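Working notes, beginning with the structure itself.
What follows draws every value from the coordinates through simple rules; no lab data is involved. All figures in this text were calculated on a predicted structure; none of them were measured in a lab. Every residue, glycine as well, gets a Cβ built from its backbone with ideal geometry; the counts of neighbours run over all protein chains shown.
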Amino acid sequence: MAAVETIKLEKQLQIMLVESLHEELEELINGGAELEIDGSQVERCDTAALQLLVAVQASLTGRDSEIRWTGVSEPLLDAARRLGLTNALNLSEIRAEAHEDN
């Protein structure tokens, strides 16, 4: 069984952080880790960051795995929804759960 690694996303998930986040995620994936991502603190998210997360999800799918979300903020969900990426990021069910709580 692979080790589970949890990554906590920054409040400002923007292009200036994408390179370092990519390196961190790539190292974990190449090491065979299962990824849990906590996006509960994200206040702002841009397209570059979402593109990285989609690429990570695609890489994991090729390894019969996926991103497991431990938390997702409304701004992160809204950004993914606006770009039509909720399915690609496995956020569709989380989005539905978030709206049921309201």
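Annotations
- Whole-Hz ³J(HN,Hα) from phi, Karplus 6.51 cos²θ - 1.76 cosθ + 1.60, for segment 48-60, glycine and proline x: 4, 5, 5, 4, 4, 5, 5, 5, 5, 4, 5, 4, 5
- Volume per residue of the convex hull around the Cα atoms, evaluated for segment 4-100, comes out as 83 Å³.
- Maximal additional length on extending the Q51-N30 stretch stands at 5.7 nm, based on 0.36 nm per residue less the C-alpha distance.
- Here V56, V18, V4 are placed in order of increasing Cβ neighbour count within 10 Å, fewest first, which gives V4, V18, V56.
- GNM top mover of A88, A49, A80 - the chain, alpha-carbon springs below 10 Å: A88
- Taking the chain and dividing mean pair separation by its residue count, relative contact order in percent (alpha carbons under 8 Å, at least six apart): 28 percent
- Restricting segment 1-49 to trypsin sites (Lys or Arg not before Pro) in coil, as DSSP defines it, with at most 15 other Cβ within 10 Å: K11
- For T6, the amide hydrogen comes within under 5 Å of the amide hydrogens of E36, counting only partners 5 or more places away or on other chains and with H modelled in the peptide plane.
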